[in-house]
Amino acid sequence: MNKKAIIFTVAILILLVGASVIYFTMDRSSEAETENSSSMSAAEPESSNSPLETSSEAPTESEPKESASETTSSEVNSPEADALIRTFAEIGEPYTLHSRYYNQGEAKTEDAPWLGWDGDLELCITDAIVKEYEESDIKYNSDSSIWARYASDFEDPCILHVELSLKNVDAENKNGVKYKFNANMFVLSAYEDLLPENQNNPEGYTTVGNYYSAYETYFDPHGPGDDYWSFELQPGETQNFTIEFLIDRVYLSQKDPFLAITPGREIFYGVMLRDLAK
């Protein structure tokens, strides 16, 4: 082999070795970039989840703290409710309860509510006070367990004691005993019950009285047995009665609490129960 051939062979070998070194160097760099890219991709989900977890654990101030259904009645006003409230009586004020009942086929001579009788009763709430609740003092129907069950669900049970007088001006019952009436017409209520959207939603709305008081009341003088809430009152006769309601004291803090006189959900008459929450 001559000298030129040897030089040519060595040059070829040097080129091959250089090419191999460059190839392996570039391949390793590519693998390293791939590994780094994979590591960053794997780390991205943790980084993106972190702000969401923080947000769910600590809501921002812009998020609402209560739902619309928790809005209190004091935040809602109604022209219809305001107008009706202005017609209600105050404690100590005589108040005429005018009711009309028409038999089938009888011509209507006036647009008046039906309260369970035909004619006029005159009502006067002479006193209303709040008494502390004592289970041993419960008189309702000689069964203290009924009120005790309600009281256990109330935050601050107490008794709303109401004294009233009723005079039969010319009222009569056309569907039974002529001068027999029912004390179930006296119902605790408040401004919220007068809102049109609540009066028109009997299935989805619970009245204030049903929510904050026991359904069973103490009534005296009362009738026997199943006629507990019944009483008779002749024309021209006046009689004094006592009604006691077991209530949760928070009822007295509702907007415009009043004693409604109604046989159903629609309210036409009421007596305001002001300043009893003291």
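What follows draws every value from the coordinates through simple rules; no lab data is involved. The structure displayed is predicted, hence computed values, not measured ones. Neighbour counts run over all protein chains shown; Cβ positions are idealised from the backbone, glycine included.
Of everything in the stretch 101-137 that is without any contact (Cβ under 8 Å) to a residue 24 or more places away in the chain and under 33 Å from the mean Cα position of the chain (by Cα), the residue that is farthest from G264 (Cα to Cα) is S136.
All of I243, I247, I261 fail the test of being farther than 14 Å from M185 by Cα, in contact (Cβ under 8 Å) with a residue 60 or more places away in the chain and β-branched (V, I, T), apart from I247. Residue selection: D256 fails the criterion of being more than 14 Å from the chain's Cα centre (by Cα) and surrounded by fewer than 20 Cβ atoms within 10 Å (Cβ to Cβ). If you filter the stretch 91-125 down to residues that are acidic (D, E) and surrounded by fewer than 12 Cβ atoms within 10 Å (Cβ to Cβ), you find that the one that is farthest from F258 (Cα to Cα) is E106.
Taking strands (runs of 3 or more DSSP E) that do not extend beyond the stretch 150-229, which have at least 3 residues that are touching a helix residue (DSSP H, G or I) at 6+ places or on another chain (Cβ under 9 Å) and surrounded by 17 or more Cβ atoms within 10 Å (Cβ to Cβ)?
Details: elements: 157-168, 180-182, 186-189, 218-220.
It comes to 157-168, 186-189.
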